[in-house]
Amino acid sequence: MPTRAIFFDRDGTLNVDVDYLCAPEKFVWTEGAVAAIRWANAHGYLVIVVTNQSGVARGYYDEAAVLRLHDWMNAQLTKHGAHIDAFYYCPHHPEAAVPAYRQCCDCRKPAPGMILRAIAAHGIDPAASFLFGDGARDVAAAEAAGVRGVRYTGGSLLDCVRGAVESSITNGNEHEADTEEFCKNQRGGDPF
């Protein structure tokens with residue numbers, strides 16, 4: 001049976017967005033992020049992070065720093081009975097300062113490459129999966145991969161995730177506008 005997944009963007013969705021985050025001491029979880037991951041784990045979803053990390057291409061930090069931060073995130077989550085199953089990141093940028101990373105690639109969102117790689121590697125059913133992200137590029141990447149994209153603009157990430165998934169189940173996975181309306185209502189009416 002195909003696996004279902006909840007994909008999360010990282011910066012601005014799971015953690016407060018600070019420019020070019022690479023150090024755990026600057027990391028702050030967004031409201032409800034740990035609980036949202038734990039909820040997804042408990043409900044049989046793989047949890048996968050897909051994140052653009054152009055700081056590598058710009059020479060601000062290296063790929064090892066990205067990996068260390070992701071390991072730290074999972075260590076923190078373990079203390080709360082949660083975990084992320086896989087991390088995918090894009091280190092490229094078309095105007096990179098570091099020549100090895102200067103390219104137009106298929107993994108930098110809004111391109112769907114990271115999501116498609118995860119789908120293939122983990123046997124994920126895209127139609128039964130979701131991606132939550134704070135940017136239009138996140139939603140565009142999700143849709144290009146056949147995954148339902150939900151724009152997160154603040155408030156409790158747990159409420160947004162739970163509401164979107166439960167609304168999808170109730171509505172037969174056909175009413176994306178209803179899912180977006182639910183998430184908007186959870187944020188007190190903020191527009192998408």
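The values are calculated or read from the model by the stated rules, or taken from the named source; none is laboratory data. The model shown is predicted, which means the values in this text are computed figures rather than measured ones. In this analysis, Cβ positions are derived from the backbone assuming ideal geometry, glycine residues included, and neighbour counts consider all displayed protein chains. Note: areas computed on protein heavy atoms with side chains; ligands, DNA, RNA excluded. Shrake-Rupley method; radii C 1.70, N 1.55, O 1.52, S 1.80 Å.
Looking at the range 49-65, can you tell me whether even one residue there is aromatic (Phe, Trp, Tyr) and either surrounded by fewer than 19 Cβ atoms within 10 Å (Cβ to Cβ) or within 21 Å of ALA111 (Cβ to Cβ) (or both)?
Yes, that holds for at least one residue.
Taking the range 66-89, which residues are open to solvent by 60 Å² or more (accessible area, probe 1.4 Å) and assigned to a helix (DSSP H, G or I)?
Within the range 66-89, LEU67, ARG68, ASP71, TRP72, THR78 meet the criteria.
Within 21 Å of THR3 (Cα to Cα) and under 13 Å from the mean Cα position of the chain (by Cα), is that true of GLY149?
yes
Confirm whether ASP134 is of a type in the set (D, E, K, R) and at pLDDT 95 or above.
Yes, satisfied.
Where the second residue is assigned to a loop (DSSP other than H, G, I, E, B) and the first is within 11 Å of VAL56 (Cβ to Cβ) and lies in the range 94-105, which pairs have Cβ atoms under 6 Å and are six or more apart or on separate chains?
Final answer for the pair search is ALA97/ARG58; ALA97/GLY59; VAL98/GLY59; TYR101/PRO91; TYR101/HIS92.
Kindly indicate whether VAL34 is out of contact with any Phe, Trp or Tyr (no Cβ under 8 Å at 6 or more places or on another chain), modelled with pLDDT under 95 and open to solvent by less than 80 Å² (accessible area, probe 1.4 Å).
Taking the combined requirement at face value, the residue does not satisfy it.
Does the range 47-63 include one or more residues that are among the aliphatic types (A, V, I, L, M), part of a helix (DSSP H, G or I) and either in contact (Cβ under 8 Å) with a residue 24 or more places away in the chain or closer than 18 Å to ALA118 by Cβ (or both)?
Yes, the range 47-63 contains at least one residue that is among the aliphatic types (A, V, I, L, M), part of a helix (DSSP H, G or I) and either in contact (Cβ under 8 Å) with a residue 24 or more places away in the chain or closer than 18 Å to ALA118 by Cβ (or both).
Would you mind finding the one in PRO110, PRO94 that is open to solvent by 20 Å² or more (accessible area, probe 1.4 Å), under 16 Å from the mean Cα position of the chain (by Cα) and not polar (S, T, N, Q)?
From the options PRO110, PRO94, the qualifying one is PRO110.
Quick check on the range 142-192: of everything there that is among the hydroxyl-bearing types (Ser, Thr, Tyr) and either open to solvent by less than 30 Å² (accessible area, probe 1.4 Å) or closer than 20 Å to ARG38 by Cβ (or both), which residue is modelled with the lowest pLDDT?
The residue in question is THR179.
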